[in-house]
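Data first, discussion second: the structure below is written as structure tokens.
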Amino acid sequence: MIEPIRVKADSIELLNQLLLPTTEEWVLIQTAEDTAEAIRNMVVRGAPAIGVTAAYGFAMGFRNTVADSESVLRVKKLLLSTRPTAVNLHWAVEHMVQFQKGLIGQDASLAFIRLFSEAKRVHDEDRQMNQTIGRYGLDLFTDKCSYDVLTHCNAGSLATGGYGTALGMIYSLHEAGKLGMVFVDETRPYLQGARLTAYELEKAGINYRVICDNMAASLMRQGKIDAVITGADRIAKNGDTANKIGTYNLAVLCSFHNVPLYIAAPYTTLDRNIADGSEIVIEDRPAHELAWIGDRQIVPDPEKVINPSFDVTPANLIKAIVTNEGVFFHPYRF
Ligand code: MRU
């Protein structure tokens, strides 16, 4: 299974997700600045993958320098300034800041080795959590022998430390012999579904069809979708969930057509500091991501677009949230 982060001795390489599916290019990341740029430009994307990358980025911020409170704050701010919605980024950076506190007084090169190893541990933990999510998710699929599912955006191996959350559940269904067809929303405007999810499923030999986002209603009406499974960027204490723009549309359609919507996410996506989704900051992305497709402008005035990257699905529209700590049902008490 393709993974988005390749770990070297004291640096990492990222699979450039901007160039997939046609070109597989690895980008060398050696500093906290490289890391911030790669996250901001979406060379790496997906909430858990951003978090894991930021953990390495934090470590690389202290390769040759002794960390003092000023430099820790600078690196922390730099990484947190990249993308506001995915809470995994905050979780990972805060985790590294706390870990670093235990290294105060150590020689810089030794402290760097320990920071980099801790980032590797965070990375491994994320991969393992996703496999656990996949196993727990199987409990939701016991009525039939084969399920046709729909997914939005990319919540696969590419969006995580490995294996994936929503796609992790889909891989588990496949491994259990219970997967029929995967319908892949192309995911306008940046096409993470068409470019990335389809690429992963192709590599995994899983049966899929890419659909344009506005086809979901019609497929549901024809009874062709047994469940919708997506990932999450931030889940509030009451279960309100931010995920790729268009997830809320799907939730409303699911409710109308009586199709279950399942969200898959590790505990690092839960934000226990916010009561509900109204407190989630939604990232605005640059206009060109919507106004252009590749090198072609598709609207007359690129300034006259709005491009929020995420929306918030109210908890009562989510049938279950599958985490590495178990499956939760509405009303949510994590
Ligand atoms: O803008 P992106 O591509 O980073 O958005 C990704 C998503 O919305 C994913 O569904 C989410 O991060 C979960 S990834 C396991």
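Per residue, the average separation of C-alpha pairs within less than 8 Å and at least 6 apart gives the chain a relative contact order of 17 percent. Of the chymotrypsin sites (Phe, Trp or Tyr not before Pro) in region 1-67, not one is in a loop by DSSP (not H, G, I, E or B) with at most 15 other beta carbons within 10 Å. Rg over Rh for region 5-132 works out to 0.96, both radii taken from alpha-carbon positions and Rh defined as the Kirkwood radius. Each residue was assigned an accessible area with a 1.4 Å probe, and for Asp276 the value is about 50 Å².
For a Förster distance of 45 Å, can you work out the FRET efficiency between the beta-carbons of Arg221 and Arg296, rounded to the nearest 0.05? That gives a FRET efficiency of 0.85.
Relative to the dominant Cα principal axis of the chain, helix 108-137 is inclined by about 10°. With springs connecting C-alpha atoms under 10 Å apart, model the chain as a Gaussian network and identify which of Ala264, Ala275, Ala227 has the largest mean-square fluctuation. Between Ala264, Ala275, Ala227, it is Ala275 that shows the largest mean-square fluctuation.
Put simply, when 202-211, 153-162 are sorted by average Cβ atoms within 10 angstrom per residue, most first, you get 153-162, 202-211. For the chain, a Kirkwood radius taken over Cα pairs fed into Stokes-Einstein (4 °C, viscosity 1.567 mPa s) yields D = 65 µm²/s. With the biggest extent put first, the Cα atoms of region 262-334 measure 47, 22, 22 Å across the principal axes. DSSP beta bridges fully contained in the chain are about 55 percent antiparallel. Summing charges over neighbours of Leu158, with a neighbour being any other residue whose Cβ is under 9 Å away from its Cβ, gives -1 when K and R count +1 and D and E count -1. Output the 0 to 90 degree angle, nearest 10, between the alpha-carbon long axis of helix 47-60 and the longest principal axis computed from the alpha carbons of the chain. Compared with the principal axis, the helix lies near 10 degrees. All other residues whose Cβ lies under 15 angstrom from that of Gly277 are scored, Lys and Arg at +1 and Asp and Glu at -1, for a net of -3. The Cα atoms of region 179-334 give a gyration tensor whose axes a ≥ b ≥ c have a/c of 1.5 or more with a/b no greater than b/c, which makes the shape oblate. The mean of 1/r over all distinct Cα pairs in region 114-195, once inverted, gives the Kirkwood hydrodynamic radius of 13.6 Å. Here the calculated FRET efficiency for Leu110 and Glu303, from their Cβ-Cβ distance with R0 = 41 Å, stands at 0.20, rounded to the nearest 0.05. Against the chain, whose longest principal axis comes from its Cα atoms, helix 166-175 is set at around 60 degrees.
Extending 7 Å from the Cα toward the beta-carbon at both Glu279 and Asn41 defines two label points whose distance is 3.5 nm. With θ taken as phi - 60° and the Karplus curve 6.51 cos²θ - 1.76 cosθ + 1.60 applied, the whole-hertz 3J(HN,Hα) list for region 34-45 is 4, 4, 4, 5, 5, 6, 4, 7, 6, 4, 10, 7 Hz, x standing for glycine and proline.
With protein chains left intact and a 1.4 Å probe, residues in region 248-334 average 55 Å² of accessible area per residue. Taking amide H atoms as placed 1.01 Å from N in the peptide plane, the amide H of Tyr147 lies under 5 Å from those of Leu179, Gly180, each 5 or more residues away in sequence or on another chain. Sparse packing (at most 14 other Cβ atoms within 10 Å of the Cβ) combined with a DSSP loop state is found for the following GluC sites (Glu not before Pro) in region 13-50: Glu24, Glu25. Averaging the sequence gap over all C-alpha pairs within less than 8 Å and six or more residues apart, then dividing by the number of residues, gives region 33-82 a relative contact order of 51 percent. Across region 142-329, the relative contact order, built from alpha-carbon pairs under 8 Å that are at least six residues apart, equals 21 percent. The packing ranking, built from the mean of other Cβ atoms within 10 Å per residue, places the peptides 129-140, 299-310, 172-183 in the order 129-140, 172-183, 299-310, highest first. Distance from the alpha carbon centroid of region 233-280 to that of region 1-77 works out to 27 angstrom. Net charge in the neighbourhood of Asp226 (other residues with Cβ under 11 Å of its Cβ; Lys, Arg +1, Asp, Glu -1) is +1.
The values are calculated or read from the model by the stated rules, or taken from the named source; none is laboratory data. Predicted model, so just to flag it, every value in this text is computed and none were measured. Quick reminder, even Gly has a Cβ in these numbers, built from the backbone with ideal geometry, and neighbours come from all protein chains shown. With ligands, DNA and RNA removed, areas are computed over all heavy atoms of the protein, side chains included. Shrake-Rupley method; radii C 1.70, N 1.55, O 1.52, S 1.80 Å.
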